[in-house]
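S.K.: I'd like to ask you about the structure that follows.
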Amino acid sequence: MDEQVRSGRSTAASSRRPSRPAARASERTTSPDPSSPASRGDVAVLGTGPLAVALTAVWDGPVRTFDELPEAEPHRALEGLRVLVVVAHPADLTAPAARTRGDEVAVLVAQMQRTLSAAREAKVVHVVVVTSALVHGAWPERPLIHDGDPLHQPEGERRGMIAAMASAEAVVARAARRRTPRITVLRPAALAGGGADTFVTRHFEAPRLLTVRGAEREWQFVHVEDVASAARFAVDHGLTGPLTVGAPDPLSAAQVAEASGMRPIELAAATAFGTAERLHRVGVLPAPAGELAFVVYPWTVATDGLTAAGWQPRYSNEQCLEIVLEGVQGRLGVAGRRLGARDAAALGAAGAAVALIGTAAVWRQARGRRRT
C-alpha cells in the first residue's frame, strides 16, 4: 500500500508553528493589562473543547470556566462578570454532545436561551458567542461571505451541528435587540490547531481528497488562537454584531493537494451526497450528508469588521494547513468517520475511500472506460 496516499501528511509544521496555548485550567493568571476592560478577573468562558481552551488562555487575570451553567439559578454563577464568552462550536467530534446528534438542536437552543437570560440578569456587560461561518452555507461558486450576510440552511435540514448553531444564533439575534448585554457573534472559518477535531480536519484523514465534479473550492482556515485573539479584540474595541474570522489569502485546491500529498478522487455530486446520506442513515457517517458540502464547496469569509478595526491573525492558511496535516498523521478516516486499525485492515487502506463513498460509481466509470 502507498503510505503517501494513505497519510500524505506534511511533517514541516512543527518547525514553523508558534507555540500552542497552555492546558485549560479553572483559572489562569497572567500579568494584567490595566487598559483592558477585561483585565480584572471578570471574564468567564462557557463551553468545552479546543476553542474553549484557547479562549480561556487569551485574557489577563483569572478566568472562570464552565462546561455548562446550572439549570437552577444560572445567573448566580455569572455574578460579578463583565465578559462572558460562549462556545457554541466545541470543535471536538469525540465529545459526548457531538456524538448525541438527535437532540443537538433542542439542547443548544435551550442552553443559549438559559445563558443569555442569566447573563442579562447578572448584568454581564459583554457576551461573545462563538459559532462558525458554517451557518452561512456552502454551494458551488458561492461568493465571499461578509459579516452581514444572511444565514443559510438547506431546505428541510434540521439535524446536526450546523442546524444547531443556526438555531442558537436565532436566539442570540433576538437577545441582541435588547440594550443589554452587548453581544458579539464570531463566525470562524475552518478551525485548525489546539487539537481541533471537525469534519473538515477529518477530511484530511482520508486516503484520498474527495472532490465533486465541476466544483472548484478555496481552502481557508483560522487557528483557534486567532479566534481567541479576535474575541479579545472585539471586547477591547467594543465591536458588536456578527463578525467573520479567517486567515487571508485562501489556498487553491491544487496547493492543498500538493501540500498534503493526497491524490483527489472526483465523483458526481449526486453520487457523493446520495452515498453519504445512505451511510449517515445507517450510522456509518457521524454527520448529515448536507455537511459534506463544506468539504467540497467554498465558504470563504472576508473578515470585514475585524480587519477594518485593525485585527490581524497570527497564523496564515499555509501554517494552519500544516498544523491540520500534522495533527492527523497516522489516522485513517473517510467522510468524517475515523477508522481504527481493524477497520483499515478490513477495508484495505488503499480502497477505503472507494469502499465508503462512491464504490459503485467508481466501478461503473472503470467498466465504461474498458468498453470504449
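S.K.: Which cross-chain or sequence-distant (5 or more) residues have an amide H under 5 Å from the amide H of Ile183, H modelled 1.01 Å from N in plane?
M.R.: Amide H to amide H, under 5 Å and 5 or more residues apart or across chains, Ile183 pairs with Val127, Gly241.
S.K.: In what sequence, highest mean first, do 249-258, 298-307 appear when ranked by Cβ atoms within 10 angstrom?
M.R.: Those peptides, ordered most packed to least, come out 298-307, 249-258.
S.K.: Residue-wise, which Karplus ³J(HN,Hα) couplings in Hz belong to the stretch 297-307, taking 6.51 cos²θ - 1.76 cosθ + 1.60, θ = phi - 60°, and x for glycine or proline?
M.R.: Each residue of the stretch 297-307 in turn: 10, x, 8, 7, 9, 8, 6, 4, x, 5, 5 Hz.
S.K.: Right, here's the next one. Taking the full set of protein chains and a 1.4 angstrom probe, give the accessible area of Ser260 in square angstrom, rounded to the nearest 10.
M.R.: 0
S.K.: Among Tyr315, Tyr297, what's the order by accessible area (1.4 angstrom probe), most exposed first?
M.R.: Reading off the accessible areas and sorting them downward yields Tyr297, Tyr315.
S.K.: Can you list residues from other chains, or at least 5 along the same chain, whose modelled amide H is less than 5 Å from the amide H of Val85?
M.R.: Hits under the 5 Å cutoff: Ala44, Val45, Leu46, Val128.
S.K.: Using DSSP, restrict attention to beta bridges with both residues in the stretch 181-318 and report what percent are antiparallel, rounded to the nearest 5.
M.R.: In the stretch 181-318, approximately 10 percent of DSSP beta bridges are antiparallel ones.
The values are calculated or read from the model by the stated rules, or taken from the named source; none is laboratory data. Keep in mind that what you see is a predicted model, and the values were worked out from it rather than measured. Cβ atoms come from the backbone with ideal geometry, glycine included; neighbour counts cover every protein chain shown. Heavy atoms of the whole protein, side chains included, go into the accessibility calculation; ligands, DNA and RNA do not. Shrake-Rupley method; radii C 1.70, N 1.55, O 1.52, S 1.80 Å.
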